[in-house]
1. Averaged over A:153-161, how many beta carbons belonging to a partner chain fall within 10 Å of each residue's beta carbon?
2. Sequence-distant or interchain residues sharing an amide H contact under 5 Å with A:G107, placed H: which?
3. Mind putting together the pair-distance distribution for the range B:67-112? All Cα pairs, 5 Å bins, whole percent per bin, short to long.
4. Which values, in whole Å and largest first, are the semi-axes of the equivalent ellipsoid of the range A:51-129 obtained as the square root of 5 times each eigenvalue of the Cα gyration tensor?
5. Relative contact order (percent) for the range A:79-190, with alpha-carbon contacts under 8 angstrom and 6 or more residues of separation?
6. Normalised by the number of residues in the range A:143-228, what is the relative contact order in percent for Cα pairs under 8 Å and 6+ residues apart?
7. Could you tell me the relative contact order of the range B:115-259? Use alpha-carbon pairs under 8 Å, at least six residues apart, and round to a whole percent.
8. If you average 1/r over every pair of different alpha-carbon atoms in the range B:209-259 and take one over that average, what Kirkwood value in Å do you get?
There are 2 protein chains.
Amino acid sequence: MLNPTAVAPVRAARRPPASSTQRAARSTARCSSCAMRHLCMPQGVAANDMPQLEALICSARAVRRGEPLYRAGDSFDNLYAVRSGSLKTVMAHRDGREQVTGLRLAGEALGLDGISSDQHACSAVALEDSSVCIIPYAALKHLCREVSSMQDRLHKLMGEQIVREAAQMMVLGSLSADERVAAFLLDISERNAQRGYSSAEFNLRMTREDMGSYLGMTLETVSRTLSRFQKRGLIDAQGRFIHIVDPDGLRKVGAVANA
Amino acid sequence: MLNPTAVAPVRAARRPPASSTQRAARSTARCSSCAMRHLCMPQGVAANDMPQLEALICSARAVRRGEPLYRAGDSFDNLYAVRSGSLKTVMAHRDGREQVTGLRLAGEALGLDGISSDQHACSAVALEDSSVCIIPYAALKHLCREVSSMQDRLHKLMGEQIVREAAQMMVLGSLSADERVAAFLLDISERNAQRGYSSAEFNLRMTREDMGSYLGMTLETVSRTLSRFQKRGLIDAQGRFIHIVDPDGLRKVGAVANA
DNA sequence: CGGTGAATTGATCACCCTCAATGTCCGTGG
DNA sequence: CCACGGACATTGAGGGTGATCAATTCACCG
C-alpha cells in the first residue's frame, strides 16, 4: 500500500532518510543501474547501442535539500533526470518577485529551460535531498542525429513540457482557488500513479508557500482550502503528508460548488 | 513610421485588407519567396542544401479569420510558421471552459503542442485572414538528423516556447491586472520590434475577451485598465488599435502603483 | 434603419489577500 | 531535561481588487 520510496512512512520523514544522500555518489558515477534508464534510453534503441549511451550520457549528482541544481543565468550544458527526490523550478521577475513554475518528481526531466538561450531561464532547487542523472546536452544532440528513437524521445520530452505548461496556464487563468488546489493534488496523484507509486498517499515536500506560489495564491489560502477539503472528507492532510480520500470528489470541486 | 503590414492605417482595417486572402494561394504553392525563410532555414545551413529544403518543407496555407488552422485532438503532422496575419492558440478544459494560451504573429512558429502525443493539445484560430508555411514534421525530423544547424533551430524553437510559457505563468500567477495588461502590451511591442515593425503602434486584432482570457481576467477589467492607461497618458487606444505613448511608464506600472 | 457584435462604463458583491495571533514541530543550547 | 528560537502551518478579522450583472454607446452590415 505504502510505497517505500515515494511515500514516506506516515508522520515520519520530516527529514529525508539519511540513506538518500548516500544513494547517489557525489562523484560522477555511471548510472548503469539508474532507475530512470527508460528516460535516457528509450526502448526503441538497439541493444548494442546501450553501452555507448551509458558511457556518453549518464553520470549522477546529489543535491541537498534547499540547494540549487542550477540557477537562472547559469550556462546551460546539461539536461537532468530526477533519479530520487524532487525539485522545484523557480523563475524570478526583474523586480525580485519569484514564482514556482514547476515541480519535478523522480523520473521526470529537468533543465529544458536552458535550451533556448544557452542559459537557464529559471532555477532548480531541491525540495528534499535528491539525486539527478546528468545528460550532457551536446552529446545528447549528437546522439539524436544518429539514433532516431532518441530524437523522438527528446522531442516528446520537450513537447510534453510545452503542453504541461499550457495546462498550468489554464489552471492559473481560469480556475478558482479551490479548483486550483484540487487540480494540483490530482496532478501529483496521477504522476505518482504513472511512476508506479501510490496515487492516494504522498508526501508533498513543498511548503504551503511553494504551493501557493505555484498555484498563484497565498499560503494562507492554500492552508484554508486544504482544511476545508479535509472537513468535506475529500482528503486527510497531516502537514505535508496528504491522503486523498475521495479523488472523484476532488474532480468535482468547482463543478457543483457544494457537496 | 507606420508599417505597411503590421500596422494598419489608423482606424481602418476593421476588416482585413482584401488582398490578404489572395496573397497566399489556398493550394500548396512553394514559398520560396517566403518571408519566414529564416525560420524554416537557419543561416547556418549550407547554400547547397537550400533547394532540397525548400522542396521538402515549405508549402503554404491560407486561414480565414475565425477559422481554425487545427483543432485540439487533430492528428499532428505539421508544424507551421505564420507568414502573414496572426493566430491565437486556445485550450479547453473538460468542463468546456476555454482559455487563450498563446498569440502568434507573423514570423512565429506554431503547432509544437502536437509533438508530445501526436495530437494537437490546443486549437489554433486565425485572428485575421492569415497565411502559414506548412512544415511536415516527419520530414523536418529527418532533416534535423542530417543538418545539425536545423536541429539546433528546432530545439531553440521548442526551448523558446517553454520559456515563454513559463514567463506567462509568472504573469498569471504573480501580477495584478494592471501589470498583466502592461506586460502584455510591452510583449507585443517588443515582438513587433524584433520583426522590424513599429513598437509604438499596432493593431491588436484580438477582442477584449481574447485578451482577458489570455491574461486571466474579464473583458470588462481589460477595458477599464486600458481606459485608465489612456487617462494616465501611457497609451492611446482606439478600439483594437493601440499606440504606446509612454513605454517606460508602462514598465513602471505596478512598481510604484501611482504616477 | 434596425440588428448584431464589440467596447465602454457604472454599481454591487464576493473571493481572496493582507495583517495578525496562535499553535506545532524542530533543533539547539542552557 | 526543559527552555528557547525559528520555520512552518493554521485560523480569524477586515479590506481591496477584480468579477458579475447591467445599461449604454459605437461601428459595421444586411
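1. Working: counts 0, 3, 9, 4, 3, 10, 12, 4, 7.
The per-residue average across the peptide is 6.
2. Counting only residues 5 or more places away or on other chains, the set is A:V82, A:R83.
3. 5, 19, 30, 25, 14, 6, 1
4. Ellipsoid semi-axes (Å, largest first): 22, 16, 9.
5. Details: 128 pairs, mean separation 28.9, N = 112.
Rounded, it is 26 percent for the range A:79-190.
6. With pairs under 8 Å counted, the relative contact order is 21 percent.
7. Values: 108 pairs, mean separation 28.6, N = 145.
Normalised by residue count, the contact order of the range B:115-259 is 20 percent.
8. On the way: mean 1/r = 0.0871 Å⁻¹.
One decimal place: 11.5 Å for the Kirkwood radius.
Here, each number is a calculation from the coordinates, and none is a lab measurement. Because the structure is predicted, anything quoted here is derived from the model rather than measured. Cβ sites come from the backbone with ideal geometry, for glycine too, and all protein chains shown count toward neighbours.
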